[in-house]
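Accompanying notes for the structure given below.
The numbers here are math on the coordinates, done by the rules we state, and not lab data. Just so you know, these numbers come straight off a predicted model, no measurement behind them. All Cβ positions, glycine included, derive from the backbone under ideal geometry; neighbour counts span all protein chains shown.
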């Protein structure tokens, strides 16, 4: 018959003592890991978000800003500083709990780089279907992709051109909401290398997760103060 009371170093330890000691050991080891790192930062936030209940240690995650993304039109844009008139398709998608990230892919008939990028996206499972009417694949959860003929969806296309002056395809636009509800976006002109595209998607999804963690932490901290 097994001894119901754990032993350590030949001595029995009552279960009630373990209930007190084990959480303290967890707290100490978690704090040691955190302060032995570079003081938080993006890498640690990602770990906090992936390990359940580490947030209850009271650590203040640090989330670096996505400096390359815009909330309004950038300064060098034709409408620099003005609010972006996001269309309903964008707002409705980002308000849908199924999606965290929306990618708009713009192409035109006869554009070889457009076809090449789309084919690579399909091969990697990022996208699915033909270029005309294509959509997201099964590679990433919570990501929606809408493929648009720039010659037909001119209003949508011109809303997200990086400068509002020159135009070109392919163009890949990324849109998501931060934890405060602001829409952040960025557009890339020209064929996007598939590795860069994958890195961008994964970085955004990691950022969203970390940003929400920090937002939840700040709300808990403010309610406790």
Packing-based order for 102-108, 177-183, 140-146, 119-125, using average beta carbon neighbours within 10 Å, highest first: 102-108, 140-146, 119-125, 177-183
Linear extension gain, residue 86 paired with residue 71, 0.36 nm per residue minus alpha-carbon span: 4.3 nm
Simple spin-label estimate for residue 194 and residue 165 in nanometres, 7 Å along Cα-Cβ: 3.5
Per-peptide average of other Cβ atoms within 10 Å, ordering 154-164, 75-85 highest first: 154-164, 75-85
Two-site label geometry, residue 116 and residue 221: point separation in nm, points 7 Å out along Cα→Cβ: 4.7
Contour minus Cα-Cα distance for residue 206 and residue 141 (0.36 nm per residue): 22.2 nm
